[in-house]
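Visitor: After the structure tokens below, expect a handful of questions from me.
The values are calculated or read from the model by the stated rules, or taken from the named source; none is laboratory data. Keep in mind it's a predicted model, so treat the numbers as computed, not measured. Counting neighbours? That spans all protein chains shown, and the Cβs are built from the backbone with ideal geometry, glycine included.
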Amino acid sequence: MTRWTQRKNLRLWLSASLAVIAAVVIGGWFWFSDFGQTAPQIPPDPRLTSDSPFLNIKPDVAYVGDEICGSCHQDICESYSRHSMGRSIEPISVDFGEMFTAEAKNPFRVGPLRYLVEKRNGEVIHSEAHVRHDGGVAAEKRQAVHYAIGGGGRTRSFLFLMDGGYVFQSPITWYPQKGHWDLSPGYENNNPHFDRPAVGMCLFCHSNRVEPVAGTLNRYELPLFRGMAIGCERCHGPGGLHIEKQIRRDGIDITIVNPKHLSPVLRDAVCEQCHLEGEQRIVRRGRELFDFRPGLPLHDFLSIFVHHDEEQNLRFVGHVEQFHASRCYQGSQGAMSCTTCHDPHQLLPIGERAAFYRKRCLDCHADKPCLLPEPQRCSQQADDSCTACHMPPAKSEIQHVPVTDHRIMRRPLAGEHKPPAEHERGRIKPLVHFHASYLAKEDPGIIRDHAIAVAEMVDHENTLALPPLAPARREAAELLLKLAIPAARRDPTDWDLRDAEAMAYWAADRLSEAQAVYETVLEAQPDREISLLRAARLAFQRSDYAQAIRLWKRAATVNPHRWGVHHSLAVAFAELDDPHAALEAGEVALRLYPLSVATRRIMVSSALKIGDVQRARAEFDRLIALDPPDKETLISWFDQCLRQLRR
């Protein structure tokens, strides 16, 4: 071998060695940094990997519907059809005892708005009208409703279906216990009128099954319902295998789930899929909303977060949360469940409930009965009700609707729910995973879900509307940055998580970074409705009106029925000094919701800008008829604008 060849080989060897060293160093840096971690694989489907003995947890087992169940279980199905769960949603034609008289507050007033429910030509029409001081109607929105939700006798709210499979909620609700109409729950403080979308998580608990259209908030495949009210298979699992053959193992039919044969955590999960509301419910990575099967852990499909109150330890607000915090449940070692006191197949008549529940209490407390003598108890409660003292009705956040306190207190505490103080507005209270004891503490999937839950609360609490230096916004930004950014780097194709990442940057006032994340999300998911809406709001905040318009236009294509989107378009066009386009967008918004004062203002100013005095005057008259709070100032401004146009 020549010396030249030796040198050449040495150079090649050194080059190769350096390349290997560089690769190891760079690879190691990527390995140990958040940026370099490859996106984790989507967790395996629990329906396929579970060692459950029940065979109908598999995703390929078909649902058959309640009618097939009723062919063998007629008595149970008949009694269940009268249960509140069996009436969780019904066609509007089904009577629930609503009254349409003035004594039932029909119509009722909220400020200048009058709400009315009418039956006409086989339809039920809900209307919202702005009533002038002289009693005339300045503008009115009328909407036929199609479905009634809520069969428990506490509230009965209403949904309407728009062309294309879009479902919305009406602002009007019937309150059976009070026997009158009023605003729907939650509308008293923030009234979206007829623009509240009925999102998938809402229909998950109020209907048997629907098929949400991917990427949309409230659009569903038609026909809308796969079974209307909550059905047999939501608690027992799909019945396709069971109707073909029954297979018994250790005396148990393993082709259909019977919750009484499940472990406590799996048994409770059947009820918790709807009755564990929590503060935020997040669908787990790789799962769909209706993937859960009875017999499997709910926390493999949904992460449910509740508030953590440091001053009062864990303060639960929902029935399941309260029940799990009770001494009765905790002392039962898992033996006590919802069905200890509640028959899921039959609704007890009101007159039988006190005796029934007292017997349930004495099944455990016979050796330690009530300390009050029976005569004294009966002097306070004629039916000697245990629950009247130990599970009293308490004021809830829903107007007109008291709820039963499921903490089962030995000596019930006084006090009512108090709205947050002004200094707490926009604050994100600490969240804890309800099923944390069953999960690994540093599970990346739970950290991911926590980040998304906080982002949803930031949006819901309108935290982003606070000044960047406001304490509540700073706290939210710090928490979101800590949770969302590292998680998104580990899994850059998780679009729900990337949305939370954008929210983290937005809350921290790092707007250009937030915009970049939204651009990435929308490049991969161009019709993702929630990202379009949020990205448009962000662009508008950054005064990028052209970009906001492009995004809102895309959102209007995804869902053409949202009044707020068309109004936002009108506002953005006005800011971009395009009055013709503002008028066009405003017209669409007013067709969807003709009572909007804000949209009428844009119509007036835009008509003036193009010199259409006749149209401006007509729109101004409609605006003044809506009695805006700055009416006199508007009249003076309009007169001044007309004088300038005459010059």
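Visitor: Name, by its number, the condition in (1) surrounded by 14 or more Cβ atoms within 10 Å (Cβ to Cβ); (2) under 26 Å from the mean Cα position of the chain (by Cα); (3) not acidic (D, E) that does not hold for P91.
Guide: P91 satisfies all of (1) surrounded by 14 or more Cβ atoms within 10 Å (Cβ to Cβ); (2) under 26 Å from the mean Cα position of the chain (by Cα); (3) not acidic (D, E) except (1).
Visitor: While we're on this one: Keeping to the range 173-182, report how many residues are in contact with a Ser or Thr (Cβ under 7 Å, 6 or more places away or on another chain) and either not aromatic (F, W, Y) or not assigned by TED's automatic domain parsing to the domain that holds H146 (or both).
Guide: 2
Visitor: Any idea how many residues of the range 96-147 are free of Cβ contacts under 8 Å to residues at least 60 places away in the same chain, more than 27 Å from E619 (Cα to Cα) and touching a His at 6+ places or on another chain (Cβ under 6 Å)?
Guide: Counting residues in the range 96-147 that are free of Cβ contacts under 8 Å to residues at least 60 places away in the same chain, more than 27 Å from E619 (Cα to Cα) and touching a His at 6+ places or on another chain (Cβ under 6 Å) gives 1.
Visitor: Right, next: Which of the residues belonging to the range 156-172 are buried (at least 19 other Cβ atoms within 10 Å of the Cβ) and either assigned to a loop (DSSP other than H, G, I, E, B) or not assigned by TED's automatic domain parsing to the domain that holds V110 (or both)? Show your work before the answer.
Guide: To start, the set of residues in the range 156-172 that are buried (at least 19 other Cβ atoms within 10 Å of the Cβ) comprises 156-160, 166-172.
S170, P171, listed by residue number.
Visitor: Given the criterion crowded, with 18+ Cβ neighbours inside 10 Å, among the acidic types (D, E), at pLDDT below 95 and not assigned by TED's automatic domain parsing to the domain that holds N189, identify the matching residue among E529, E501, E461.
Guide: E461
Visitor: Output the residues belonging to the range 409-431 that are at pLDDT 75 or above, surrounded by 14 or more Cβ atoms within 10 Å (Cβ to Cβ) and farther than 30 Å from T173 by Cα.
Guide: M409, L431
Visitor: Something else now. Looking at (1) touching a Cys at 6+ places or on another chain (Cβ under 7 Å); (2) not in a loop (DSSP other than H, G, I, E, B), which is the one condition that is false for E272?
Guide: So the condition that E272 fails would be (1).
Visitor: Does any residue of the range 339-347 turn out to be hydrophobic (A, V, I, L, M, F, W, C), in contact with a helix residue (DSSP H, G or I) (Cβ under 6 Å, 6 or more places away or on another chain), at pLDDT 85 or above and part of a helix (DSSP H, G or I)?
Guide: no
Visitor: Can you run down the residue pairs with Cβ atoms below 6 Å, 6 or more apart or on separate chains, where the first is in the range 625-647 and outside any helix (DSSP H, G or I) and the partner is among the β-branched types (V, I, T)?
Guide: L626/V597; P628/V597
Visitor: Any idea which of P492, P468 is surrounded by fewer than 16 Cβ atoms within 10 Å (Cβ to Cβ), in a loop (DSSP other than H, G, I, E, B) and not hydroxyl-bearing (S, T, Y)?
Guide: None of the others qualify; the one that does is P468.
Visitor: Limited to the range 557-580, what total is found for residues that are within 22 Å of E529 (Cβ to Cβ) and either without any contact (Cβ under 8 Å) to a residue 12 or more places away in the chain or not hydrophobic (A, V, I, L, M, F, W, C) (or both)? Write out each step before concluding.
Guide: In the first step, residues of the range 557-580 are kept if they are within 22 Å of E529 (Cβ to Cβ); the result is 557-573.
From the residues that got through so far, the ones that are either without any contact (Cβ under 8 Å) to a residue 12 or more places away in the chain or not hydrophobic (A, V, I, L, M, F, W, C) (or both) too are 557, 559-562, 564, 566-568.
Number satisfying all stated conditions: 9.
Visitor: Residues A354, A388: which one is under 30 Å from G186 (Cβ atoms) and touching a helix residue (DSSP H, G or I) at 6+ places or on another chain (Cβ under 9 Å)?
Guide: A388
Visitor: Any idea how many residues of the range 163-190 are more than 23 Å from F96 (Cβ to Cβ) and in contact with a strand residue (DSSP E or B) (Cβ under 7 Å, 6 or more places away or on another chain)? Give the steps one after another, and end with the answer.
Guide: Initial filter on the range 163-190 (more than 23 Å from F96 (Cβ to Cβ)): 163-166, 189-190.
Within this subset, residues satisfying the condition of being in contact with a strand residue (DSSP E or B) (Cβ under 7 Å, 6 or more places away or on another chain) are 164-166.
Matching residues across the range 163-190 total 3.
Visitor: Every residue in the range 331-345 that is in contact (Cβ under 8 Å) with a residue 40 or more places away in the chain and within 28 Å of the chain's Cα centre (by Cα), please.
Guide: Answer for the range 331-345, where residues must be in contact (Cβ under 8 Å) with a residue 40 or more places away in the chain and within 28 Å of the chain's Cα centre (by Cα): S337, C338, T339, P344, H345.
Visitor: Do any residues in the range 230-242 that are within 21 Å of H275 (Cβ to Cβ) have Cβ atoms under 7 Å from those of residues that are among the charged types (D, E, K, R) and in a loop (DSSP other than H, G, I, E, B), where the two are at least six apart or on different chains, and which pairs are they?
Guide: Listed by first residue and then by second, the contacts come to G237/R293.
Visitor: Given the criteria at negative phi and more than 18 Å from the chain's Cα centre (by Cα), does L183 qualify?
Guide: yes
Visitor: Would you check if F290 is outside any loop (DSSP other than H, G, I, E, B), touching a residue at least 12 places away in the same chain (Cβ under 8 Å), in contact with a Phe, Trp or Tyr (Cβ under 8 Å, 6 or more places away or on another chain) and aromatic (F, W, Y)?
Guide: Working: outside any loop (DSSP other than H, G, I, E, B): no; touching a residue at least 12 places away in the same chain (Cβ under 8 Å): yes; in contact with a Phe, Trp or Tyr (Cβ under 8 Å, 6 or more places away or on another chain): yes; aromatic (F, W, Y): yes.
Here the answer is no, as F290 does not meet what is asked.
Visitor: Something else now. If a residue has to be under 23 Å from R427 (Cα atoms) and buried (at least 22 other Cβ atoms within 10 Å of the Cβ) to count, how many in the range 477-489 make the cut?
Guide: Result for the range 477-489: 5.
Visitor: When the residues of the range 102-125 are filtered to those that are within 30 Å of the chain's Cα centre (by Cα) and in a loop (DSSP other than H, G, I, E, B), which remaining residue is surrounded by the fewest Cβ atoms within 10 Å (Cβ to Cβ)?
Guide: Among those residues, the one meeting the criterion is G111.
Visitor: Where in the range 46-92 are the helices (runs of 4 or more DSSP H), entirely inside, with at least 3 residues that are out of contact with any Pro (no Cβ under 9 Å at 6 or more places or on another chain)?
Guide: It comes to 66-70, 74-80.
Visitor: Exactly one of (1) without any contact (Cβ under 8 Å) to a residue 12 or more places away in the chain; (2) part of a loop (DSSP other than H, G, I, E, B) is unmet by K482. Its number?
Guide: So K482 meets the others, but not (2).
Results for (1) surrounded by 23 or more Cβ atoms within 10 Å (Cβ to Cβ); (2) touching a Lys or Arg at 6+ places or on another chain (Cβ under 8 Å); (3) farther than 18 Å from E619 by Cα, shown as yes or no for each residue.
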residue	(1), (2), (3)
Y545	no, no, yes
R550	no, no, yes
A556	no, yes, yes
H566	yes, no, no
A570	yes, no, no
L576	no, no, yes
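Visitor: Check Y175, Y220 and return the single one that is buried (at least 19 other Cβ atoms within 10 Å of the Cβ), modelled with pLDDT under 95 and not basic (K, R). Don't jump to the end; show me each part of the working.
Guide: Details: Y220 fails: modelled with pLDDT under 95.
Exactly one of Y175, Y220 is buried (at least 19 other Cβ atoms within 10 Å of the Cβ), modelled with pLDDT under 95 and not basic (K, R), namely Y175.
Visitor: Would you confirm whether any residue within the range 243-259 is assigned to a helix (DSSP H, G or I), more than 24 Å from the chain's Cα centre (by Cα), under 25 Å from A325 (Cα atoms) and in contact (Cβ under 8 Å) with a residue 12 or more places away in the chain? Walk me through it before giving the result.
Guide: Here is the first cut: in the range 243-259, the residues assigned to a helix (DSSP H, G or I) are 259.
With the extra rule that they be more than 24 Å from the chain's Cα centre (by Cα), the set shrinks to 259.
Among the residues that remain, those that are also under 25 Å from A325 (Cα atoms) are: 259.
Adding the requirement that they be in contact (Cβ under 8 Å) with a residue 12 or more places away in the chain leaves 259.
For the range 243-259, residues assigned to a helix (DSSP H, G or I), more than 24 Å from the chain's Cα centre (by Cα), under 25 Å from A325 (Cα atoms) and in contact (Cβ under 8 Å) with a residue 12 or more places away in the chain: present.
Visitor: Please verify whether V64 is more than 25 Å from V145 (Cα to Cα), at pLDDT 95 or above and surrounded by 18 or more Cβ atoms within 10 Å (Cβ to Cβ), treating the condition exactly as stated.
Guide: Yes.
Visitor: Right, E519: surrounded by fewer than 19 Cβ atoms within 10 Å (Cβ to Cβ), out of contact with any strand residue (DSSP E or B) (no Cβ under 6 Å at 6 or more places or on another chain), at pLDDT 95 or above and in a helix (DSSP H, G or I) or not?
Guide: So E519 fits the description; yes.
Visitor: Can you work out which of the residues in the range 495-533 that are in contact (Cβ under 8 Å) with a residue 60 or more places away in the chain and touching a Phe, Trp or Tyr at 6+ places or on another chain (Cβ under 7 Å) is farthest from S568 (Cα to Cα)?
Guide: So, considering only residues that are in contact (Cβ under 8 Å) with a residue 60 or more places away in the chain and touching a Phe, Trp or Tyr at 6+ places or on another chain (Cβ under 7 Å), the one farthest from S568 (Cα to Cα) is Q525.
Visitor: If you check D509 against the conditions, is it in a helix (DSSP H, G or I), charged (D, E, K, R) and out of contact with any Cys (no Cβ under 8 Å at 6 or more places or on another chain)?
Guide: no
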